[in-house]
Each structure stands twice: as structure tokens, then as C-alpha cells.
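Handing you a structure now.
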């Protein structure tokens, strides 16, 4: 079994332990839960008329990258199961970085969200298909980054 499927299995188990009531979840949480459970090939969110999508991807981007690099046991940028489930809340409540930072980094768009305990979480998007769809490139927290430097 590959590391991706091992981590996906662990994430499914960890989310199950949260004992979530599907009827009380918001649409964006259900979309992610269905994606994680393998019921959908991707999860997407509509932001200001633009589609933002998370698909499996590979070791360099997308959900496989997120699990392998930021959900593994001692990962830099460690994410918790609830943070993964709530990825789209970052787009709802997150703070878009300045236009200058976006231009200096190319076609990436960052949103930053500070959780109640002060942990910063970043979501990095990239434009695909002539800007019609933004794909999730990576998603990570600042856990352990303070001593190792920023991952962006």
C-alpha cells in the first residue's frame, strides 16, 4: 500500500472519530467529506464566481501532496483532521494577501486564516485552464515552520 492510501485511511479513521453528524455539516464540509470518503473525484467551492477545486493531484500538488507532506505524523506544516475537512472555510473567512505579494509570486493566490489557538494556515491556489478553475496547490499550517522557515 502506498503512503498516500495509508494516510488517506488514517484521515478517514480520524474524521470518523470526530463523530460528525452529516445533517449538521455545511455544504462545503459535505463536499470535502464526500471527497475524502471517495464518493467524489474532487471537492470544489465557488468563490466570487470562480471555481476552486481540490483533486487528488500527485506528490507535488493537490490532496496527495497535502496528505503526504502536511498530514504525516511528523510533518512540517502539520494539519489536523478538522482543518482538512474545513479547507473551504479558509476561502470564506481567510484574508487574501496583498496584490503585491500575489504579483511577486506569479499566478498564485494565498489566503491566510488564524485559528483560535494562533496557528496560521495557508492555502495556495494556482490558475489552470485559462483561469477558469483555480486548483489547490497546497494547504498547510505554521506548525514546526517557525524553526525551519516558511514553506511558501
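Between residue 2 and residue 41, 0.36 nm times their residue separation minus their Cα-Cα distance comes to what?
Gain on extension, residue 2 to residue 41, equals 12.2 nm.
Sticking with this structure for a sec: How much length is gained if the chain between residue 58 and residue 13 is pulled fully straight, taking 0.36 nm per residue apart and subtracting their Cα-Cα distance, in nm to one decimal? Each step should come with its number before you reach the end.
Values: separation 45, 0.36 × 45 = 16.20 nm, distance 2.18 nm.
Residue separation times 0.36 nm, minus the Cα-Cα distance, leaves 14.0 nm.
Every number here is computed from the coordinates shown, using simple stated rules; none is lab data. In this text the structure is predicted, and so the values were computed from the model without any measurement.
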